[in-house]
Amino acid sequence: EAFFLRSHRVGDMGWVTHRNGVLYAWEYGWNEEYEALVAQITSDFIRNFNPDKERCFIAEMNGEIVGSVFLVRENDTVARLRLLLVEPKARGMGLGSRLVQECITFARNAGYEKMVLWTNNVLKGARRIYKNAGFTMVTEKEHHSFGKDLVGEDWELIL
């Protein structure tokens with residue numbers, strides 16, 4: 001395959017925050033509130049990191065980062081999938097699906113019973129990946145965030 005996955009290292013959280021902010025502004029018109037949310041998530045991940053229960057997967061292609069995803073502990077039985085991102089030039093190769101599958105495998109091996117995630121209905125590509133991985137939408141709610149009127153969705157997967 002053209003990409004390989006590794007765990008996070010110093011500097012990766014800055015990349016994740018930057019690329020989420022830039023890409024979501026470009027593709028969806030989201031404002032800096034989203035970048036601030038990503039910065040909070042990545043900061044919390046590093047500060048509270050539990051390697052037995054949590055993981056960040058970074059995808060590289062030709063020495064360049066092209067994607068990322070996080071699996072974080074929600075509680076003893078539930079893990080949360082966060083911040084799935086695939087660079088436009090790396091889309092269509094199955095990278096997003098692979099990142100999600102790695103999280104599912106890790107969550108099962110870590111003893112979680114369920115995975116949850118929150119997304120928005122405008123994120124069609126991500127929603128397709130979640131559906132194909134076996135997640136089901138359990139709730140949806142209108143909200144105003146990141147400078148836009150959005151419909152947030154909670155999804156879950158029983159492991």
If I go through region 116-134 residue by residue, how many of them are open to solvent by less than 100 Å² (accessible area, probe 1.4 Å) and closer than 21 Å to Trp30 by Cβ? 11
Quick one: is Glu102 acidic (Asp, Glu), touching a Leu at 6+ places or on another chain (Cβ under 7 Å) and modelled with pLDDT of 95 or more? yes
Out of (1) in contact with a Gly (Cβ under 9 Å, 6 or more places away or on another chain); (2) farther than 18 Å from Tyr24 by Cβ; (3) of a type in the set (D, E, K, R), the one Glu102 does not meet is (1)
State whether the residues of region 99-115 include one that is within 17 Å of the chain's Cα centre (by Cα), open to solvent by less than 70 Å² (accessible area, probe 1.4 Å) and in contact (Cβ under 8 Å) with a residue 60 or more places away in the chain. yes
Within region 34-47, can you find the residues that are within 17 Å of the chain's Cα centre (by Cα) and exposed (fewer than 14 other Cβ atoms within 10 Å of the Cβ)? Ala36, Gln40, Ser43, Asp44, Ile46
Top-ranked residue of region 54-64 - restricted to ones that are in a strand (DSSP E or B) and open to solvent by 30 Å² or more (accessible area, probe 1.4 Å), ranked as modelled with the highest pLDDT: Arg55
Report whether or not Met137 is surrounded by fewer than 19 Cβ atoms within 10 Å (Cβ to Cβ), of a type outside the set (Val, Ile, Thr) and in a loop (DSSP other than H, G, I, E, B). no
Residues of region 89-98 that turn out to be outside any loop (DSSP other than H, G, I, E, B), open to solvent by 50 Å² or more (accessible area, probe 1.4 Å) and either modelled with pLDDT under 95 or over 16 Å from Cys56 (Cβ atoms) (or both), as a count: 2
Quick check on my filter: what residues within region 6-20 are open to solvent by 40 Å² or more (accessible area, probe 1.4 Å), outside any helix (DSSP H, G or I) and charged (D, E, K, R)? Arg9
Every pair of residues 6+ apart whose Cβ atoms lie under 9 Å, when the first sits in region 34-54 and is over 14 Å from Leu85 (Cα atoms) while the second is buried (at least 17 other Cβ atoms within 10 Å of the Cβ) and at pLDDT below 95: Leu37/Phe146
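The values are calculated or read from the model by the stated rules, or taken from the named source; none is laboratory data. Every value quoted in this text rests on a predicted model; they were computed, and no experiment measured them. When we count neighbours, we look across all protein chains shown, and the Cβ atoms used for this are built from the backbone with ideal geometry, even at glycine. In case anyone asks, the SASA skips ligands and DNA or RNA and just uses the protein heavy atoms, side chains included. Shrake-Rupley method; radii C 1.70, N 1.55, O 1.52, S 1.80 Å.
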